[in-house]
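Below: one structure, written as structure tokens.
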Amino acid sequence: MEKDLGRIDVRKDTMLFVTNEIFGENIKKETTKEKILEMLPEIYDKANPNDIIKMLPYNSYILLEKIIKYVKEKQIKNEIFDIKEKKHEYSYIDVKYLFDSMIFVMRTKKDNRRYFIDNKVLNILEKIYTDENRKLAEKYGKIEKVIIGILNTYGTIEENEYKKIINLAFKTNIKNSLLEELEWKKLNLNPKVNIQPIKWKGGEKENYKTKWDLEYDEKIIIDTIKEQKSRNLDYKKYLANEYIDKVDQKFTKVDLEFIKYLEKYKEVDKYYFMGIKEEIETGEKEVFQKNIQKFIDYFELKFENANEFLEHYMTWYNNTPQYALSGYSPKELGEKYYKK
């Protein structure tokens, strides 16, 4: 194999999170990425299978078994196959966590990406696919899905209410230690699940779970909590089946109706659309007017279409849940609290 394989395309702090925080190693920051990769077979060999299962998102756990079988059947030794190959139905998001955990290695060289495997690591990881471990992974996967769903519903939620919703979803009490471990170890939940203590008048202190990274999004978190408290709302009833962590399946009926209207003018970029929707969900100040302008610019809507567009936009906006409204849409809130 050529000597210059290209740059390892995963952050050093992610590599150290996996090796040190999840698997209890003590690898120093100055250790090179190449050296860390060399140590991986031994690290995974020593690892408790339960810790590996807790680390991987459920979809990635399922995908990894298929890939292990494929690699063995095709006798692939070094370079991995094209992850976009349709017959394998790979989601990039599912594969990404296998890169982050260094089970696969993505390398970049002159703007070209190539995917590599370590057969020793794959052989070791076969141990996480016993019948018992599959049941365990499925259990963790269900909890993972509910956690993501709760955060996508409320954005920020009081910790006690968060635990109550999880326990209601499973009709049993999930141990706090298991919840905390899944939140901390699962790559797709860390560092997005934070506990943010907020001090209020009188020294009262409350803990909140939030979907945002505190380091970058503190203002959104604080504003959301203040809005929720100022309105004195209960949290909208959580419906687990409403939220799936895949862009193509995350649209509501109202989203799809609005997209259908917009596609009269231009093909809709789903990620662009979801980005605007997420801004609506946060309930940020002046986002209403700002996003109207974004749509008008992006779809090149003319003045003569303004009334028609505003009618569709208002229907969509009023039916989109907002975190500041504790998971209610403006329409739902009006019907629940202000209907005469």
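Quick look at the values:
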| read-out | value |
| --- | --- |
| Conditions (1) closer than 25 Å to Y328 by Cα; (2) out of contact with any strand residue (DSSP E or B) (no Cβ under 8 Å at 6 or more places or on another chain); number of the one not met by A137 | (1) |
| Residue check, G141 surrounded by 14 or more Cβ atoms within 10 Å (Cβ to Cβ) and modelled with pLDDT of 90 or more | yes |
| The range 71-87, subset loosely packed, with under 14 Cβ neighbours inside 10 Å and part of a helix (DSSP H, G or I), residue modelled with the lowest pLDDT | K86 |
| Complete set of residues in the range 191-231 that are polar (S, T, N, Q) and part of a helix (DSSP H, G or I) | T224, Q228, S230 |
| Total residues in the range 248-293, condition among the basic types (K, R) and either part of a loop (DSSP other than H, G, I, E, B) or modelled with pLDDT under 85 (or both) | 6 |
| Total residues in the range 1-26, condition in contact with a helix residue (DSSP H, G or I) (Cβ under 8 Å, 6 or more places away or on another chain), outside any helix (DSSP H, G or I) and under 12 Å from M102 (Cβ atoms) | 4 |
| Residue in the range 298-305 that is part of a helix (DSSP H, G or I), aromatic (F, W, Y), surrounded by 12 or more Cβ atoms within 10 Å (Cβ to Cβ) and modelled with pLDDT of 90 or more present | no |
| Residue in the range 100-120 that is nearest to N190 (Cα to Cα), counting only those that are modelled with pLDDT of 90 or more and in contact with a strand residue (DSSP E or B) (Cβ under 9 Å, 6 or more places away or on another chain) | M102 |
| Test: residue in the range 251-272 that is under 22 Å from T156 (Cα atoms) and under 20 Å from the mean Cα position of the chain (by Cα) | yes |
| Unmet requirement for E126, which otherwise passes all of (1) under 24 Å from E38 (Cβ atoms); (2) surrounded by 14 or more Cβ atoms within 10 Å (Cβ to Cβ); (3) at pLDDT below 95; (4) not aromatic (F, W, Y) | (2) |
| Sole exception among (1) over 25 Å from T320 (Cα atoms); (2) at pLDDT below 85 for K175, by number | (2) |
| E25 charged (D, E, K, R), surrounded by fewer than 14 Cβ atoms within 10 Å (Cβ to Cβ) and more than 14 Å from I124 (Cβ to Cβ) | no |
| Number of positions in the range 169-190 that are touching a residue at least 24 places away in the same chain (Cβ under 8 Å) and either touching a Cys at 6+ places or on another chain (Cβ under 9 Å) or not β-branched (V, I, T) (or both) | 14 |
| Yes/no for I195 being touching a Leu at 6+ places or on another chain (Cβ under 7 Å), surrounded by 13 or more Cβ atoms within 10 Å (Cβ to Cβ) and at pLDDT 85 or above | no |
| Any hit, the range 212-232, residues being in contact (Cβ under 8 Å) with a residue 60 or more places away in the chain, in contact with a Leu (Cβ under 6 Å, 6 or more places away or on another chain) and buried (at least 18 other Cβ atoms within 10 Å of the Cβ) | no |
| Single match in N173, N188 (criterion: out of contact with any strand residue (DSSP E or B) (no Cβ under 6 Å at 6 or more places or on another chain), in a loop (DSSP other than H, G, I, E, B) and surrounded by 20 or more Cβ atoms within 10 Å (Cβ to Cβ)) | N188 |
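The values are calculated or read from the model by the stated rules, or taken from the named source; none is laboratory data. None of the values given here were measured: they were computed from a predicted structure. Using ideal geometry, Cβ is built from the backbone for each residue, glycine included, and neighbour counts are taken over all protein chains shown.
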